[in-house]
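J.: Below is the structure I would like to discuss, written out as structure tokens.
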């Protein structure tokens, strides 16, 4: 959902890698603005944190590719997330590091943001002037920054866990397949990874409805049931 591969804007990112923006990213922003309930500034701030976190996630993949001699063609950001496209295929050992670096980046951002939030809250709590009146505490810049860091940590923690779900094309699905290749023949590894992904893809639909009702929408993504079915049958690499 909200996936596209045709860019509407491109700029040169870190390491000289082209970064492309898909039109569906604008659709995602408009959706959040529509659902904001009038709190436009906060909504745009959340979207900016989300897009920045996805970009840094993809830069993790790109960095791992480049340092292993696998040149990156582009990074694409769209409404359903993003992807890092290499100019040539990497071997299985290289792929493991490349794929793992995305969630590792998000976990690192979660850790540092959480530590920053904790430090700021401790500095407020230990400050008598900040605790003198509720109004003074609410207007304290440290409190505002702590809240933003907490939100940034939450987004990156979610992205790390979300991306480790073992379905294609998420990092978890790729890592599962790569791990199975270490202990199984390629065809068996594909069938097992496809079967696990197929079960989760079917369960994804009711889970998606629960997430929507609960207000936990962050990304618009639905794994492909036909893709996992084909893998389970050994018909798709």
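None of the figures in this text is laboratory data; all of them are computed from the coordinates on show. The shown structure was predicted, so the numbers you read here are calculated from the model rather than taken from an experiment.
J.: Compute the acute angle (0 to 90°) between the alpha-carbon long axis of helix 141-163 and the principal axis of greatest extent of the alpha-carbon atoms of the chain; round to the nearest 10°.
T.: 10 degrees
J.: Also: Stokes-Einstein D for region 165-237 at 20 °C, 1.002 mPa s, Kirkwood Rh over Cα pairs, in µm²/s?
T.: This corresponds to a translational diffusion coefficient of 171 µm²/s.
J.: Grab the alpha carbons of the chain, take their convex hull, and tell me the volume per residue in Å³.
T.: Normalising the Cα hull of the chain by residue number yields 147 Å³.
J.: If you don't mind, another one. To the nearest 10 degrees, how steeply does helix 171-181 sit against the main Cα axis of the chain, on a 0 to 90 scale?
T.: 40 degrees
J.: On a 0 to 90 degree scale, rounded to 10, what angle separates helix 40-67 from the longest Cα axis of the chain?
T.: Compared with the principal axis, the helix lies near 40 degrees.
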